[in-house]
Protein chains: 6
Amino acid sequence: MPEPRARIETSDIARPPAALVEAIRAMGAATASSTLHHMAGITNSHIVGPTARSPGHCVAGPALTLQFMPKREDLYSAAEYEDPELQLHRHVLYHTRPGDIVVVDARGDMRSGVFGEMMLTYFKGRGGGGLVIDGCLRDWPNVQGLEIPCWIRGVTPNFHTQTELMPFAVNGPIACGGCLVMPGDIIVADDDGAVVVPAALAERLIAEAHVAHGWEGFSRERLAAGGDLRRYYPLTDAARPEYDDWLARRDAAGGSTE
Amino acid sequence: MPEPRARIETSDIARPPAALVEAIRAMGAATASSTLHHMAGITNSHIVGPTARSPGHCVAGPALTLQFMPKREDLYSAAEYEDPELQLHRHVLYHTRPGDIVVVDARGDMRSGVFGEMMLTYFKGRGGGGLVIDGCLRDWPNVQGLEIPCWIRGVTPNFHTQTELMPFAVNGPIACGGCLVMPGDIIVADDDGAVVVPAALAERLIAEAHVAHGWEGFSRERLAAGGDLRRYYPLTDAARPEYDDWLARRDAAGGSTE
Amino acid sequence: MPEPRARIETSDIARPPAALVEAIRAMGAATASSTLHHMAGITNSHIVGPTARSPGHCVAGPALTLQFMPKREDLYSAAEYEDPELQLHRHVLYHTRPGDIVVVDARGDMRSGVFGEMMLTYFKGRGGGGLVIDGCLRDWPNVQGLEIPCWIRGVTPNFHTQTELMPFAVNGPIACGGCLVMPGDIIVADDDGAVVVPAALAERLIAEAHVAHGWEGFSRERLAAGGDLRRYYPLTDAARPEYDDWLARRDAAGGSTE
Amino acid sequence: MPEPRARIETSDIARPPAALVEAIRAMGAATASSTLHHMAGITNSHIVGPTARSPGHCVAGPALTLQFMPKREDLYSAAEYEDPELQLHRHVLYHTRPGDIVVVDARGDMRSGVFGEMMLTYFKGRGGGGLVIDGCLRDWPNVQGLEIPCWIRGVTPNFHTQTELMPFAVNGPIACGGCLVMPGDIIVADDDGAVVVPAALAERLIAEAHVAHGWEGFSRERLAAGGDLRRYYPLTDAARPEYDDWLARRDAAGGSTE
Amino acid sequence: MPEPRARIETSDIARPPAALVEAIRAMGAATASSTLHHMAGITNSHIVGPTARSPGHCVAGPALTLQFMPKREDLYSAAEYEDPELQLHRHVLYHTRPGDIVVVDARGDMRSGVFGEMMLTYFKGRGGGGLVIDGCLRDWPNVQGLEIPCWIRGVTPNFHTQTELMPFAVNGPIACGGCLVMPGDIIVADDDGAVVVPAALAERLIAEAHVAHGWEGFSRERLAAGGDLRRYYPLTDAARPEYDDWLARRDAAGGSTE
Amino acid sequence: MPEPRARIETSDIARPPAALVEAIRAMGAATASSTLHHMAGITNSHIVGPTARSPGHCVAGPALTLQFMPKREDLYSAAEYEDPELQLHRHVLYHTRPGDIVVVDARGDMRSGVFGEMMLTYFKGRGGGGLVIDGCLRDWPNVQGLEIPCWIRGVTPNFHTQTELMPFAVNGPIACGGCLVMPGDIIVADDDGAVVVPAALAERLIAEAHVAHGWEGFSRERLAAGGDLRRYYPLTDAARPEYDDWLARRDAAGGSTE
């Protein structure tokens, strides 16, 4: 591997239909995770480690992937800083289309900042949907204003190749937070964390995802008022007349409680 | 142990008088911890690991306890999802009385969400005072609106038996964050974290807890203005005339500085 | 070491000129870290572990240092609580001058709260600039109101010698978060974390620190609008006429974009 | 829990038939673990952490269990050293019958030595079969001469309640090295480590355990001589005549190769 | 990735000349590591984690690589056990030539045994030189008799896909113990551990490796007899006449001290 | 700190009388640790982490100390390799007197080998008693032949300043394996591990150390033969006649059982 990056060419990914991605976003991370378990025996689809840096986002999108490896001085060229095109981590961003999510295996490292402000301004400008990094960002005082949804381990002032890592591959399979992520898999992330939905399972997931039972709004109201969990969740036959009554009143009032 | 949960019966706890619990809440976690050390040689009463999920709460209450164990497929029944009454983690919630705090040994696991929205709506409806979990919650986008004071390690989209844990016992002794918690012990928790107050020591703790010295308001004011720590904290004899003068002025002004 | 603290005398530090400290504050942690690497081969100047407790601060100042060691009951005197002057951790605060930053090696311990409210009121009153602690603070419900910029690992209700640590030395060399900190080194800390700037390198650092290129404001604007990273960052010759045009329009408008 | 150990009574365990235990010992830890997985879906029966202190042992026996908890000074009586009968860890040994294996949850602690020489001389004298401790032994210079098969994390000069633990329960359910161990479960341990065989599954395990195929001796011989893994493991139809020939020669020689 | 292993084809590696490998074996791990640092700035070539399972081996050979990834139930086929050719970990062994070293990224997992007895009998039969696994072997009671030099983290009774891993790629780049290993790199391993020698640097490494100075035998003898480190290591001019005398005596005795 | 090592002068230590050191060696690590706890409230005197590299040694001696710190490229001079006298880790060895034990805080690092063969040949030649290192040695294939008793975390081919550490101070206070070690403290180490005996407590320790009760030999014999722990350990009044009889027989036989 004498000239590993003489002229860097990286592959794009196949993207699923937008409607499918949106349906997964709408179910959220918790429903995606539990349904993948129930329907396909997937034990853990939660990318553990990276957490929501700012609360309240819920995004879904296809995964562009970037893999870091332990730095090896014979393979990491200082020329990166003479010719920016040799910086491999730029290349994953070049593939960004609206809604894409960049997923990075930065090996859990707390001393390497994968991207900084200018890179992420570009990502934002290209419509990037979010970042999931098993590692850190850099330049957070400037980056946070970009309001890109981020699931990361933390932040650091160090740049990405400053200590022990180097970018190694783009849009290949990676491990991230204990999960295997294939390029083009769908990531859904909210305040619970980020979940990997295998692309091939996405349609079935949507079909099988838990549909809120009609009585859940009723039950939530009763539970919030001190009602008995055994009676209202799941709804028992004993409570059904009460529910029917509640429905009738709601309809009479011309509205919906949820 | 062939039929471990054929018909689940769990014990309630003995609860201390409300006034006693309130007195402990009023002293806060830091005073409880240091006084337990000084008066009873208790090295560490701080449940280390779970931290305040939302700042600004200060609660105290008797501990309902839930213990998780490593999952064993021969003891964990898939029938849990056919008969909700076989789900042991529901049972700890059945005991909830206003102000109770549910304390969970979830073995520090970051991939198991102990409770989700519907369970916690019930807990809230019953007047539950708070949660201390050496592990995670699930469904945070919906749970946070319930505004239940929570001391947890994090959140996850996974459900409680999805990966390597199963609920095992209710209202028995547990270890949580490096502390032994007996059911009925008093938990006091604020932004500093959660502290275990052994029920039998509660009265003595209240009697011996640090009472703020009268001069602390004076000293705080002086220190904030750049005064010398050696002179004002603790208050020295040299500074006492100054303090007397301060008191006199305050009284003359008909008020209190604190 | 029979009477280790019979009469505690600790040394003050040499402080760099204020203008120099301010110049380092103005560049921020990320620029300090990367420039130290590029100009002096310093692999890692980031104090890893302590993170910004409250967002939005950016401070710089000379380091007062406090070292904790594993507690040894034959060297740790209970008399500390009879004679406050025997409490070594007070002494580091006595040296506080406006802008100073107290850096503490508390060995990453999560069960020892290095300082509480009264100590920190004094620190604030003396003009202390900030705290960097590889460990915890105590009394956070009261401390946070002081609005001292803090980079810490967490908080705990326990006091500083309650479990396994004791303060051991003031204004000597310490390790903090994987970095060697010499007393008098300059700490610069913001939301990216805290960075150690060796005092002897400070002037050269300021001279060599990355000065934002004139075109960065232009490029940021283009990138935010979806422009090509390859064209605008760094600015290519191909894009330079576009930049010149942008400059001319800006000047005509009598303003600046940054 | 005012007088937790005023008069300690602990339960004995139910022991499986000796022949059953011996059959499990004969299969060894690796076969037990993989068969439990294949036949009962038990993901992990390996007690991870404790390793064979001295190589070459293979033991099986019913589990006597001892649970440690974080020490709480209000529940741990210094009187232990006045009245040895108050030392709970002695009581698990009182139940020892020949071949029993004492399994201890010492919480992975590296600073607490669960047993020392005199205790273990007694255990040996009673015919104890072995020890599995998620933690340490003490007094190893003397203990090793007893030649008790031990799976432990390490050794320490400290005694069992010297730092942060206290014994809490005997012959109850425990977690050990990430596995749930019920009292009376069968432990099988060799150089690969210790495995928990649920008592109720023991008979079925023996029935379903991998029986070495007759051709394995033949295949091993061929593989050791450089034969092709694809041809000999598992044995292919193509290689079967060769095997038949090998069998015939062996029989002619009046012996067995294994 | 619907049919990931329908028909598995894996690439072989390019192997360096045997004489070159032998020269690296002769220098040992310590000299290889320090020389790579001095001559090529390679900070760390030590595969940290795996340690010598049995002492006294020193081997070198080209790296065959095997990568594990977190198991994903949609990609891991249970059919592996119906058709052994679908078991990817077998395929790395198929490439074995005499002296080859199989290097495995098993993600540091302590609950997955990468290979067992039959696989390793084949490896031995093919002349395999050794194993370096960031993880565990299985079946150690039988494997150890094969006397294959092994650098591993430990052993377990579990098989390789029993818990959370699955084999994913053969003879691609892997991370192992914090080092990047490219297929065909030369591994040199002894009691100090395993070192990665980049294939392209091997010749230069041999040329530049520390050649023991002629006087080292003399100095070692003097130091062992209590001589002064400052005088004898490195050899000073002051000690040179003494060394000349020692040489003369040795020659007169017709022998060599080393 | 412009010229930190222009001319290195390091202090020697005060050594306790040889007879006192020998008495501590004779009691061993376990008795030293438990007695320090009982007599002086020292919670933990066990240096946790470093373990006996080769079994069967028991040594005691005064501590020479060496402290490593995180490497800082502005303070670590490459000139070390031009002028060996600038290598600080040599200097701790210069102080070696027969029986001394070198204790090193190498920060638990697994990638830095503190000493190699030539250094340790010198240490051996000077009569050095042993090494306790919270870190690693290098060059083990050659070092082990020196038969120096070592308590270490492991071995590595890397040299001491190759990755992230640099030697920083000699014969000052250090933390090692969670214990504070003052230069001149007495270290006693055997297969249980290494224990720090504060110099000032040594005499009292010897006076108060557990003296084996006369009946222990008798009790051990009975326990080994299956006797009741409750009867024989500690020796009960009920068993005393039996013990007297045993003593009489032993005396009649003209010998001792221990």
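Take segment D:14-27 and flag every residue that is more than 14 Å from the chain's Cα centre (by Cα) and either buried (at least 19 other Cβ atoms within 10 Å of the Cβ) or part of a helix (DSSP H, G or I) (or both). Lay out the reasoning, then the answer.
Of segment D:14-27, the ones more than 14 Å from the chain's Cα centre (by Cα) are D:14-20, D:23.
Residues satisfying the conditions are D:16, D:18, D:19, D:20, D:23.
With F:152, F:186, F:133 as the choices, which residue is among the β-branched types (Val, Ile, Thr) and in contact with a helix residue (DSSP H, G or I) (Cβ under 8 Å, 6 or more places away or on another chain)?
On the way: F:152 fails: in contact with a helix residue (DSSP H, G or I) (Cβ under 8 Å, 6 or more places away or on another chain); F:133 fails: in contact with a helix residue (DSSP H, G or I) (Cβ under 8 Å, 6 or more places away or on another chain).
Residue meeting the stated conditions: F:186.
Hey, residue E:189 hits all of (1) crowded, with 24+ Cβ neighbours inside 10 Å; (2) facing another protein chain (nearest Cβ under 7 Å) but one; which does it fall short on?
(2)
Please go through segment E:34-74 and give me each residue that is more than 20 Å from residue F:153 (Cα to Cα), touching a helix residue (DSSP H, G or I) at 6+ places or on another chain (Cβ under 8 Å) and not in a loop (DSSP other than H, G, I, E, B), ordered by number.
Residues satisfying the conditions are E:35, E:36, E:38, E:39, E:40, E:59, E:60, E:61, E:62, E:64, E:65, E:66.
Looking at F:16, F:84, F:70, which is the one that is of a type outside the set (Ser, Thr, Tyr) and farther than 30 Å from residue C:201 by Cβ?
Details: F:84 fails: farther than 30 Å from residue C:201 by Cβ; F:70 fails: farther than 30 Å from residue C:201 by Cβ.
After ruling out the rest, the residue left standing is F:16.
In this structure, does residue A:132 turn out to be crowded, with 21+ Cβ neighbours inside 10 Å and in a helix (DSSP H, G or I)? So that I can check it myself, show each step before the final result.
Details: crowded, with 21+ Cβ neighbours inside 10 Å: yes; in a helix (DSSP H, G or I): no.
The answer is no for residue A:132.
Can you confirm whether segment A:227-240 contains a residue that is farther than 21 Å from residue A:51 by Cα, within 12 Å of chain B (Cβ to nearest Cβ), of a type in the set (S, T, N, Q) and open to solvent by 10 Å² or more (accessible area, probe 1.4 Å)? Outline the logic, then answer.
Within segment A:227-240, the subset farther than 21 Å from residue A:51 by Cα is A:227-240.
After this cut, where a residue has to be within 12 Å of chain B (Cβ to nearest Cβ) as well, the list is A:227-236.
Pick out the ones that are also of a type in the set (S, T, N, Q) and you get A:236.
Checking the rest, the ones that are also open to solvent by 10 Å² or more (accessible area, probe 1.4 Å) come to A:236.
The answer is yes, given that some residue of segment A:227-240 is farther than 21 Å from residue A:51 by Cα, within 12 Å of chain B (Cβ to nearest Cβ), of a type in the set (S, T, N, Q) and open to solvent by 10 Å² or more (accessible area, probe 1.4 Å).
Sort out which residues of segment D:28-66 are open to solvent by 40 Å² or more (accessible area, probe 1.4 Å) and within 30 Å of residue D:140 (Cα to Cα), and write them in order of number.
D:51, D:53, D:54, D:55, D:56, D:57, D:58
How do the pairs read when you match residues in segment C:224-246 that are among the aliphatic types (A, V, I, L, M) with residues anywhere that are modelled with pLDDT of 95 or more and surrounded by fewer than 13 Cβ atoms within 10 Å (Cβ to Cβ), using Cβ under 7 Å and keeping only pairs 6 or more apart or on different chains?
Filtered contacts from segment C:224-246: no entries.
For residues in segment D:192-204 being more than 9 Å from every other protein chain (Cβ to nearest Cβ) and surrounded by fewer than 18 Cβ atoms within 10 Å (Cβ to Cβ), which is farthest from residue D:77 (Cα to Cα)? So that I can check it myself, show each step before the final result.
Here is the first cut: in segment D:192-204, the residues more than 9 Å from every other protein chain (Cβ to nearest Cβ) are D:197, D:202-204.
Right, trim to surrounded by fewer than 18 Cβ atoms within 10 Å (Cβ to Cβ) and you get D:203-204.
On the way: D:203: 43, D:204: 45 Å.
Among those that are more than 9 Å from every other protein chain (Cβ to nearest Cβ) and surrounded by fewer than 18 Cβ atoms within 10 Å (Cβ to Cβ), it is D:204.
Would you please name the residue that is nearest to the other protein chains (Cβ to nearest Cβ), looking only at residues in segment F:1-13 that are open to solvent by less than 70 Å² (accessible area, probe 1.4 Å) and modelled with pLDDT under 95? Don't jump to the end; show me each part of the working.
Pass one, segment F:1-13, residues open to solvent by less than 70 Å² (accessible area, probe 1.4 Å): F:4-5, F:8, F:10, F:12-13.
Within this subset, residues satisfying the condition of being modelled with pLDDT under 95 are F:4-5, F:8.
Values: F:4: 10, F:5: 14, F:8: 12 Å.
Here the answer is F:4.
Just name the residue that is modelled with the lowest pLDDT out of those in segment F:78-111 that are within 14 Å of chain C (Cβ to nearest Cβ) and buried (at least 18 other Cβ atoms within 10 Å of the Cβ). Let's see the steps before the verdict.
Applying the first criterion (within 14 Å of chain C (Cβ to nearest Cβ)) to segment F:78-111 yields F:78, F:88, F:103, F:105-109, F:111.
Right, trim to buried (at least 18 other Cβ atoms within 10 Å of the Cβ) and you get F:88, F:103, F:105-107, F:109, F:111.
Numbers: F:88: 93, F:103: 98, F:105: 98, F:106: 98, F:107: 98, F:109: 98, F:111: 98.
Going through the qualifying residues, I end up with F:88.
Which numbered condition in (1) open to solvent by 10 Å² or more (accessible area, probe 1.4 Å); (2) at pLDDT 95 or above; (3) of a type outside the set (Phe, Trp, Tyr); (4) farther than 27 Å from residue E:143 by Cβ is the only one that residue D:184 fails?
All conditions are met except number (1).
Among the residues of segment A:205-222, are any open to solvent by 30 Å² or more (accessible area, probe 1.4 Å), of a type in the set (Ser, Thr, Tyr) and facing chain B (nearest Cβ under 8 Å)?
Among the residues of segment A:205-222, not one is open to solvent by 30 Å² or more (accessible area, probe 1.4 Å), of a type in the set (Ser, Thr, Tyr) and facing chain B (nearest Cβ under 8 Å), which makes the answer no.
Of everything in segment D:135-180, what is without any contact (Cβ under 8 Å) to a residue 40 or more places away in the chain, open to solvent by 10 Å² or more (accessible area, probe 1.4 Å) and within 7 Å of another protein chain (Cβ to nearest Cβ)? Give them in sequence order.
D:138, D:139, D:140, D:141
Is segment E:32-41 home to any residue that is modelled with pLDDT of 95 or more, of a type in the set (S, T, N, Q) and over 15 Å from residue E:180 (Cα atoms)?
Looking through segment E:32-41, at least one residue is modelled with pLDDT of 95 or more, of a type in the set (S, T, N, Q) and over 15 Å from residue E:180 (Cα atoms).
Taking the condition among the hydroxyl-bearing types (Ser, Thr, Tyr) and closer than 16 Å to residue A:116 by Cα, does residue C:243 pass? Lay out the reasoning, then the answer.
On the way: among the hydroxyl-bearing types (Ser, Thr, Tyr): yes; closer than 16 Å to residue A:116 by Cα: no.
In short, no.
What residue, among those in segment B:112-129 that are more than 17 Å from residue A:233 (Cα to Cα) and open to solvent by less than 20 Å² (accessible area, probe 1.4 Å), is nearest to the other protein chains (Cβ to nearest Cβ)?
First pass over segment B:112-129, keeping only residues more than 17 Å from residue A:233 (Cα to Cα): B:112-113, B:127-129.
In the following step, the residues that additionally are open to solvent by less than 20 Å² (accessible area, probe 1.4 Å) were identified as B:112-113, B:128-129.
On the way: B:112: 10, B:113: 8, B:128: 11, B:129: 14 Å.
This residue is B:113.
Limited to segment B:33-52, what total is found for residues that are of a type outside the set (S, T, N, Q), closer than 20 Å to residue C:109 by Cβ and at the interface with another protein chain (Cβ under 7 Å from one of its Cβ atoms)?
5
The values are calculated or read from the model by the stated rules, or taken from the named source; none is laboratory data. None of these values were measured; they are calculated from a predicted model. With ideal geometry, Cβ positions are generated from the backbone for all residues, glycine too; neighbour counts draw on all protein chains shown. With ligands, DNA and RNA removed, areas are computed over all heavy atoms of the protein, side chains included. Shrake-Rupley method; radii C 1.70, N 1.55, O 1.52, S 1.80 Å.
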